[in-house]
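As C-alpha cells, the structure follows; a few thoughts come after it.
We did not get these values from a lab; they are worked out from the coordinates using the rules stated. From a predicted model like this one, the values you see are computed outputs, not experimental measurements. Note that we place each Cβ from the backbone using ideal geometry, even for glycine, and neighbour counts take in every protein chain shown.
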Amino acid sequence: MSEVVVPLRSPWSVTVEPVDSPDAVALLREYYTEVADRYFLLHEGRRSTPREIAQGVAEYPGAALLPPRGVLLVARHGGEAAGCAGVRLLDGRTAELKRMFVRAGRRGRGGAGLLLGAAEAAAVRLGAGRIRLDTRRDLVEAVALYRRHGFAEIAPYHDDPYAEVFFEKGLGGGPLPG
C-alpha cells in the first residue's frame, strides 16, 4: 500500500509514509500545535507553549501507526506536503482515525475529503469493518467533515479527557461488526 488513486488531473496525491519522515514529523507537529492552541485559547485565553507542544507530540506513540496494525497517510497538493491522517486497528474489525489534518493554506480544496477516503480505504486493507474517531466540539470543521462523510455520533469508546464527540462509520457497505 503506497499510493492511493486520486482523480486524473488532481493536484492531490496521498501516500503511506513512515511516521518519522521529515514531512510526517512536520505535519504531526503542526497538527498538534493547532489543536493545542485552539484548546488553550478557548479554555485559558492563551496559546500553547513550546514545552507543551513538545510534551504532547512526545506522548503520542508513533508505533501505533506502523504496519501491520497501522499506517500514516500524507497528502500532497502540487507535490508539497499538505495534510496527514493516521489509521490504527483497535481490534480485529475496528480501526481508529487519528491525527486528521490539512494545512490551513490548503483547506477548501478537496484534500480533507480525499484524505478521509484514503484513510477509510486503508482501514479496509487493514481488515476493519468500521472506523471510529474522537474529536472536540470546538473543532467544528472536523465535526462537520465527519458528518458530511457519513459518520454517525456514538457513545464514548474510551475515556480521553479531551475527547468530546465520538463517531463511527461502517466500511465496505456491510453491517457494522458487533
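Taking every Cα atom in the chain, find the radius of gyration and the maximum pairwise distance Dmax, and write them in Å.
15.6, 46
Tell me the mean residue ellipticity at 222 nm calculated for the chain from its helices only (DSSP H runs of n ≥ 4, each -39500 (n - 2.57), averaged over every residue, nearest 500).
Mean residue ellipticity at 222 nm (helix-derived): -10500 deg cm²/dmol.
What is the local net charge at Asp37, summed over the other residues whose Cβ is closer than 13 Å to its Cβ (Lys, Arg +1; Asp, Glu -1)?
0
Go through Gly113, Gly127, Pro161 and say which Cα lies farthest out towards the positive end of the charge dipole of the chain; charges sit on Cβ, +1 for Lys and Arg, -1 for Asp and Glu.
Final value for the positive-end residue is Gly113.
Please state the relative contact order of the chain as a whole percent: Cα pairs under 8 Å, 6+ residues apart?
So the answer I get is 17 percent.
So what J values fall out for region 115-121 if you push phi through Karplus, 6.51 cos²θ - 1.76 cosθ + 1.60 with θ = phi - 60°, rounded to Hz, Gly and Pro as x?
5, 5, x, 5, 5, 4, 5
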